[in-house]
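This report refers to the structure that appears directly beneath it.
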Amino acid sequence: MTKKLIHTLLILVAFHINAFAQTPKSYTVTHIVNKTIDKGEYVDDKRIDKKDKISTGNLIYISSPKNDSIAFYEFNDSPVSEKKVPNICALAKNQNSLLLTYKNESYSTKFKITFNNNEKTVLIGDKDVFYLNDSYYKYVQKSVGDNLNIPDLIDFLEDFLAGYALEDLKYISSYEKYKHKDFKITKAYMESFRTQASDYLDKWNIKFSYTKTGIPSYVLKESVEGDREIEKKLISSNKGIFKYTKHTNSESRLITDTDIRMDVNNHRYDEKVTSLQVGLGKETRYESKQISYKKIPFKELKLTSGNISNIISSK
């Protein structure tokens with residue numbers, strides 16, 4: 001073996017040792033406890049049942065060191081168990097695009113994300129396109145496009161998470177677009193087929209408005225026929241606490257009104273929800289309040305019963 005070859009091998013070994021030493025080994029657990037008050041069912045504004053029902057939900061998110069993969073466990077007033085299968089979200093580079101997958105035992109969703117530097121647009125799937133101002137595009141392209149940061153992607157898609165089957169992840173949003181007053185989505189365009197008429201294509205124009213100080217103040221998702229699926233309005237903002245009302249009309253079958261309170265500095269998300277099933281004339285109401293939020297270093301993606309008990313009992 002020549003001296004040159006030995007020298008080359010030593011450099012390669014040193015490189016791999018150094019790279020391994022610099023690789024973060026710790027995952028991060030985000031543990032959120034929500035208290036939900038079920039206000040019951042109503043017909044013609046008259047309550048059917050008599051008592052509120054209170055439940056406690058433990059939400060556990062395990063994030064990889066780069067935030068490019070996340071496992072999600074949810075325990076709602078049920079015994080914790082290592083047999084529970086988590087939802088898995090992963091973001092990876094796929095040729096000239098990104099590929100996001102999110103799946104659990106019963107369903108999965110998958111779509112591409114493509115960046116266009118010339119037009120400063122983000123294409124979700126094949127049809128949904130978002131137009132960003134220069135500062136926000138540079139941030140999203142770097143954070144999501146290069147670094148595969150899922151919390152920043154959740155923040156970017158915040159008002160449309162339900163349509164992408166990602167609503168489980170709303171509690172781990174980075175809230176960056178609320179912290180940077182020059183981050184703006186200028187407009188968007190979407191297409192979707194009806195759930196009960198798969199040959200009917202809806203085409204949506206989405207409008208975004210901001211206050212003079214750059215706070216997101218209004219979102220409207222409206223079809224070319226004039227149907228309004230989403231309308232979100234800012235009620236107040238003060239020192240990182242934002243209050244919104246959100247009206248959602250899903251194909252005139254389910255109409256939902258939500259009061260949202262977000263504390264972006266303390267990662268708190270509370271809501272009051274009223275949903276009307278139009279065909280049944282039945283209305284349901286509930287409130288969800290966050291009572292605990294904490295982050296804990298962790299060594300792996302999978303939970304055991306012992307891990308879960310330690311996470312829930314830790315302070």
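The values are calculated or read from the model by the stated rules, or taken from the named source; none is laboratory data. Keep in mind the model is a prediction, meaning the values are calculated, not measured. Cβ atoms come from the backbone with ideal geometry, glycine included; neighbour counts cover every protein chain shown.
Does Glu41 qualify as being within 24 Å of the chain's Cα centre (by Cα) and surrounded by fewer than 19 Cβ atoms within 10 Å (Cβ to Cβ)? Taking the combined requirement at face value, the residue does not satisfy it. Within segment 163-196, the only residue that satisfies the criterion of being free of Cβ contacts under 8 Å to residues at least 12 places away in the same chain and not aromatic (Phe, Trp, Tyr) is Glu167. Filtering segment 149-164 to residues that are in a helix (DSSP H, G or I) and either under 16 Å from His267 (Cβ atoms) or within 8 Å of the chain's Cα centre (by Cα) (or both) leaves Ile150, Pro151, Asp152, Leu153, Ile154, Asp155, Glu158. The set of residues in segment 231-261 being within 14 Å of Ser217 (Cβ to Cβ) and either touching a residue at least 40 places away in the same chain (Cβ under 8 Å) or surrounded by 15 or more Cβ atoms within 10 Å (Cβ to Cβ) (or both) consists of Glu231, Lys232, Leu234, Ser237, Phe242, Lys243, Tyr244, Lys246, Ile260.
Taking segment 262-311 as the range and being surrounded by fewer than 13 Cβ atoms within 10 Å (Cβ to Cβ) and either touching a Phe, Trp or Tyr at 6+ places or on another chain (Cβ under 9 Å) or farther than 30 Å from Lys66 by Cα (or both) as the test, the residues that pass are Asn265, Asn266, Gly279, Leu280, Gly281, Pro297, Lys299, Glu300.
Matching residues to (1) modelled with pLDDT of 75 or more; (2) assigned to a strand (DSSP E or B); (3) of a type in the set (A, V, I, L, M):
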{"residue": "Glu283", "(1), (2), (3)": "yes, yes, no"}
{"residue": "Lys289", "(1), (2), (3)": "yes, yes, no"}
{"residue": "Pro297", "(1), (2), (3)": "yes, yes, no"}
{"residue": "Lys302", "(1), (2), (3)": "no, no, no"}
{"residue": "Ile308", "(1), (2), (3)": "no, no, yes"}
{"residue": "Ile311", "(1), (2), (3)": "yes, no, yes"}
{"residue": "Lys315", "(1), (2), (3)": "no, no, no"}
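Candidates in segment 124-161 are the residues that are without any contact (Cβ under 8 Å) to a residue 40 or more places away in the chain and of a type in the set (Gly, Ala, Ser); of these, the one that is surrounded by the fewest Cβ atoms within 10 Å (Cβ to Cβ) is Gly125.
Filtered by the rule that a residue be at pLDDT below 95 and either part of a loop (DSSP other than H, G, I, E, B) or touching a Leu at 6+ places or on another chain (Cβ under 7 Å) (or both), segment 241-253 gives Glu251, Ser252, Arg253.
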